[in-house]
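Quick notes on the structure that follows.
The values are calculated or read from the model by the stated rules, or taken from the named source; none is laboratory data. Quick caveat, the model's predicted, so the values are computed rather than measured. The accessibility values were calculated without ligands, DNA or RNA, using every heavy atom of the protein model including side chains. Shrake-Rupley method; radii C 1.70, N 1.55, O 1.52, S 1.80 Å.
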Amino acid sequence: MHQDKPSHVEIFRQDQARVDYIHRRASNATTRLNHFGDSLLARVPTIIDYDISAYSYIIDIGLGTPTKFFLFTFDTGSDLTWTQCEPCVNCHTQKNPIYDPTKSFTFTNIPCDTSYCSQLEKFGCSSNFSCIYEEEYYDNSITNGSLVEDVLYFNNDIIYNFVFGCGHNNTGVFGLEDGLLGLGRGPISIINQTPQVYNKIFSYCLPSRPNVAGYLELGKSGPGEVYTYANQA
């Protein structure tokens, strides 16, 4: 099938995105040092939006290069972060366009012989030796697809080589959220993927109603606070 060549504008845009990505990796200005300790600190607003999900709290995070932003719920009881992905076999309606890994030049499939794959509760191997996952929740909702790696943006912080699920077949009780951020104790949670950055610390303040904002915070924010560390049992 014949495909049109990309325009000069599109080629320039892709080249500029690559340059921006390289500059960000070389710069330390993307994170801010926590003055009360040795870990870094990053915070995103948390909101209630009944139009997106009636039962969850919503955060805004970025994925890929060029960056696309998505509305995620977050779950302290599960480990895997995932978002719906193209090509989509069975996807629920979501707020933003579905993440397309082919549009991100920092995206990579995770091989099925890696520890990230073998430490999943349910995993398999595709015909091209890429890791396949399945995650089932207490309400019988299920997501399955490919385990992948890409850049994740958490406020101004950039988390490189972040491993998450690329959900191609997602069924169950979902609202319009674009995905889920896993804050559990397992090795694939965002907490245990970033121990050298946030010291396995997170905290949150949940809003009480839709017109009030809370926050989700990675890292330690100040003295005199009590933390529970996300160590594996």
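Gain on full extension, evaluated as 0.36 nm per residue between GLU86 and ASN140 minus their Cα-Cα distance, stands at 17.2 nm. For LEU180, the accessible area of its heavy atoms, probed at 1.4 Å with every protein chain present, is near 20 square angstrom. With 10 Å bins beginning at zero, the pair-distance distribution over Cα atoms of segment 69-222 amounts to 10, 41, 37, 10, 1 %. Placing THR73, THR171 in order of accessible area, with the largest value first and a 1.4 Å probe, yields THR171, THR73. In terms of its Cα atoms, segment 173-220 spans 35, 27, 14 Å along the principal axes, sorted from long to short. Less than 5 angstrom separates the built amide H of ASN96 from those of LEU71, all sequence-distant by 5 or more or on a different chain.
Across segment 72-121, Cα-Cα distances exceeding 15 Å account for 62% of all pairs.
Which order do GLU217, GLU149 take by accessible area at a 1.4 Å probe, largest first? If you can, show how the numbers build up before the last one.
On the way: GLU217 0, GLU149 45 Å².
So the residues, ranked largest to smallest area, are GLU149, GLU217.
Of the residues SER189, SER208, SER118, SER127, ranked by 1.4 Å probe accessible area with the largest first, the sequence reads SER127, SER208, SER118, SER189. In the context of the full set of protein chains, residues of segment 28-163 present 51 Å² of accessible surface per residue (probe radius 1.4 Å, heavy atoms only). Geometric descriptor of segment 69-156, per residue, is 132 Å³ (volume of the convex hull of the Cα atoms). If the segment from THR93 to ASN161 were pulled out straight at 0.36 nm per residue, it would be longer than the present Cα-Cα gap by 21.7 nm.
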